[in-house]
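Below is one structure, written out as structure tokens, with a few remarks after it.
The values are calculated or read from the model by the stated rules, or taken from the named source; none is laboratory data. Since the structure is predicted, the reported quantities are computational estimates derived from the model, not experimental observations. Here the Cβ positions follow ideal geometry from the backbone for every residue, glycine too, while neighbour counts run over all protein chains shown. To get the accessible areas, we keep the full protein, side chains included, count just its heavy atoms, and leave off ligands, DNA and RNA. Shrake-Rupley method; radii C 1.70, N 1.55, O 1.52, S 1.80 Å.
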Amino acid sequence: MKVVVTCSIFPNKIVVNGKQLLSIPSNEADWKKWVYSSLNIEYPKFHKMDSLAKLAFLGISVLEQEIDFSTYKDEEVGLIFANKSSSYSSDNKHFINYTQKKMVSPSDFVYTLPNILTGEIAIFKKWYGENVFFIHKQFDIEFFIEQVEFLFNKGIKACLCGWIESNDKSEQASLFLIENVDGVLLKEEILKELIINKID
Amino acid sequence: MDTNLKNVYLSYGALVTPLGNTVEENFAALQEGKSGIKKYTNSGFTNENWPLAKIEQISENRFDTLLRASFIELNQKVPRTIINSSNTLVIISTTKANIDVFPNDTFESGIEILKNELGVVNEPIIVSNACISGVVAINLAADYIRSEKFKDVIVIGIDVISDFVVYGFQSLYAISEQAAKPFDKERTGITLGEGVAIVLLSSEKRNSEFSVKYLNGSSSNDANHISGPSRTGEGLVRSIQKTLVRSHINKDQIDFISAHGTGTIYNDEMESIAFDRLTLNSKPINSLKGYFGHTLGAAGVIETIVCLLSMEHNLIFKSLGYSSIGTSKILNLITDTSQTQVNIVLKTASGFGGGNASLILIKD
């Protein structure tokens, strides 16, 4: 098992492999859109996504600038994602729609499932691999490694893991790609880079 | 030894649905061809009278009450020595959990009840993968047993009917005005349901009279659309293919398919295309959504329990609500509940986020 690349996106910065890639201006009204523009990518679907899916999309877009995903076949990458507050941001939108605005919106409702973000990644990359979404109290590296082992036992070549959170208090996308090859897995390094590296 | 082939046994845990409070009560209702679906006045966002498969005894605190209701049967079917063992893991499969308490944490109460009232030792794991959650959770349970991390895994599939979900599906124009008619010519959409289902997966036989083994399973994404089913059934085809290979089963050996069959035009069409591509058209197949409605995160577990019933009694249940084929590809839908040898079952699920999952069970 080998960590190929890690990346974390916070409202103020992007960190790749432990090094700060980008500092995000604090006066940006829509910081995710700012990051999207600064990455020079063209993917109009981004603008329709909810914040959770946008974070995941930005995460994989940053990773794409670091590594070449085309070396994997369309079934070879497993998606293992988790967070604490599920699809809170979109749930809240839909909740406010029907309780206060007295309306319902299909485009808000479809995002009220956290695994929509893995669907967005699969659509973006045309990946047909395994995918799973967990609700967890906190980021737990051991838990992710366990899930990666299960998929590697079934012959999956690589796993894209991610902790993507979007709620009232915080927004974060932390992703790491693990390959099914020999190597020393430095769990502490992943932890340090992805989680402790929070907003200063 | 191939760790993916270590024995994993399934047994009944509990089943609480509008059709009954135990596996046996649900079995009796299925044999009688009863539906748990009724129309409810003002259940819609603008006061429509949607049909729902609702558990009428529950009047408030739906999620917690429903979860607790499953413990009665669970305690009869699964010994305390397993439930309260440090070698046992609990996996919860749910989409919206206790959504009625939103914006408070919707997942907390279930975990607390399991720890404090049922006395489970290990921190439960929650799978929230839309409508495929139940099948994904059972596949994961088998992974845990084959890895020898746990001897038993209790999988709990649970979701309740809420304004949140009913109004949401209404906004998608996905709710049927009549009880759902999966795969039928007249189908117009889903009927939402609620329930809790529990299966036990174990490294050893936990039931001496009747025994079913889990062979293998998989998931696969459509990579097509977040809420619209694939037009080619690609994800479902790939998931079934992977599951067959991992199970070392030839598709001809399958006796019966428990499909997802929500009752929407596009989902059922997608499934028919996938089964056709795999030349599984002639296999007896049903959807149980006409009995239980679509119970979202509970569906895969409820339907797996019904697969166990089919295997135990060699009885395949008619696809309630179906009378004539309404998909472009012909399937062999079960129109009469009937006796037949059921040794190997394929269970499938598909859902939002482009998810597809499947698993294969074999009579021991």
- Residue mean of other protein chain beta carbons inside 10 Å, A:150-157: 4
- Query: Of B:158, B:174, B:98, which is farthest along the charge dipole of the protein assembly as shown in the positive direction, counting Lys and Arg as +1 and Asp and Glu as -1 at C-beta?
  - Reply: B:174
- Expressed as a whole-number percentage, the relative contact order of chain B with C-alpha contacts under 8 angstrom and at least six residues apart is 24 percent
- A/B buried area, accessible surface, summed, 1.4 Å probe, Å²: 4300 Å²
- Message: Tell me the relative contact order for the stretch B:212-363 as a rounded percent, counting alpha carbon contacts under 8 Å between residues six or more apart.
- Response: 38 percent
- Message: Let me check against my output: what whole-number percent is the relative contact order of chain A, with C-alpha pairs under 8 Å and at least 6 apart?
- Response: 34 percent
- Rounded to 5, percent antiparallel among DSSP beta bridges of the stretch A:2-196: 70 percent
- So what is the 222 nm mean residue ellipticity for the protein assembly as shown from helices alone, if each DSSP H run of at least 4 adds -39500 (n - 2.57) and you divide by all residues, rounding to the nearest 500 deg cm²/dmol? -9000 deg cm²/dmol
- One finds the C-alpha centres of the stretch B:12-70 and the stretch A:27-98 to be spaced, in Å, by 37 Å
- Item | Minimum 10 Å² accessible area buried by the other protein chains, the stretch B:117-134 residues, probe 1.4 Å, relative to alone | B:123, B:125, B:126, B:127, B:128, B:129, B:130
- Task: Using a 1.4 angstrom probe on heavy atoms only, work out the carbon and sulfur share of the accessible area of chain A in %.
- Result: 49 percent
- In the stretch B:3-202, what percent of the accessible surface is made up of carbon and sulfur (1.4 Å probe, ligands and nucleic acids excluded)? 46 percent
- Task: For peptide B:90-98, compute the average count of partner chain beta-carbon atoms within 10 Å of each residue's beta-carbon.
- Result: 2
- Query: To the nearest 0.05, how large is the calculated FRET efficiency for residue A:23 and residue A:169 if R₀ is 22 Å and r is the Cβ-Cβ distance?
  - Reply: 0.55
- For the stretch B:308-356, the convex hull over Cα atoms projects on average to an area in nm² of 4.7 nm²
- Given a Förster radius of 22 Å and the C-beta distance between residue B:60 and residue B:104 as r, what FRET efficiency does 1/(1 + (r/R0)^6) yield to the nearest 0.05? 0.90
- Query: Calculated FRET efficiency, residue A:142 and residue B:281, Cβ-Cβ r, R0 51 Å, to nearest 0.05?
  - Reply: 0.70
- Item | Accessible area of chain A divided out per residue, in Å², using a probe of 1.4 angstrom | 42 Å²
- Might you tell me the accessible area per residue for the stretch B:1-100, computed with a 1.4 Å probe and given in Å²? 43 Å²
- Note on the structure: Those GluC sites (Glu not before Pro) from the stretch B:33-142 that are DSSP loop and have at most 16 other Cβ neighbours within 10 Å turn out to be B:48, B:56, B:60
- Note on the structure: For the stretch A:7-72, inverting the pair-averaged 1/r of distinct alpha-carbon atoms gives a Kirkwood value in Å of 12.4 Å
- Query: Quick one: with all protein chains in place, what share of the accessible area of the stretch B:212-363 is carbon or sulfur, to the nearest percent (1.4 Å probe)?
  - Reply: 50 percent
- Message: How charged is the neighbourhood of residue B:141? Take every other residue with its Cβ under 12 Å from the Cβ of residue B:141, and add Lys/Arg as +1 and Asp/Glu as -1.
- Response: +1
- Return the loop-located trypsin sites (Lys or Arg not before Pro) in the stretch B:1-88 (DSSP other than H, G, I, E, B) with at most 14 other Cβ atoms within 10 Å of their own Cβ; answer none if there are none. B:6
- Query: How many Cβ atoms of partner chains, on average, are near each residue of B:168-175 if near means within 10 Å of its Cβ?
  - Reply: 5
- Message: For the stretch B:183-279, what does the accessible surface come to per residue with a 1.4 Å probe? Please give it in Å².
- Response: 33 Å²
- Query: Can you give the % of DSSP beta bridges in the stretch B:212-363 that are antiparallel, to the nearest 5?
  - Reply: 75 percent
- Message: I'd like the accessible area for residue A:49, computed on protein heavy atoms only with a 1.4 Å probe and all protein chains in place. Round to 10 Å², please.
- Response: 10 Å²
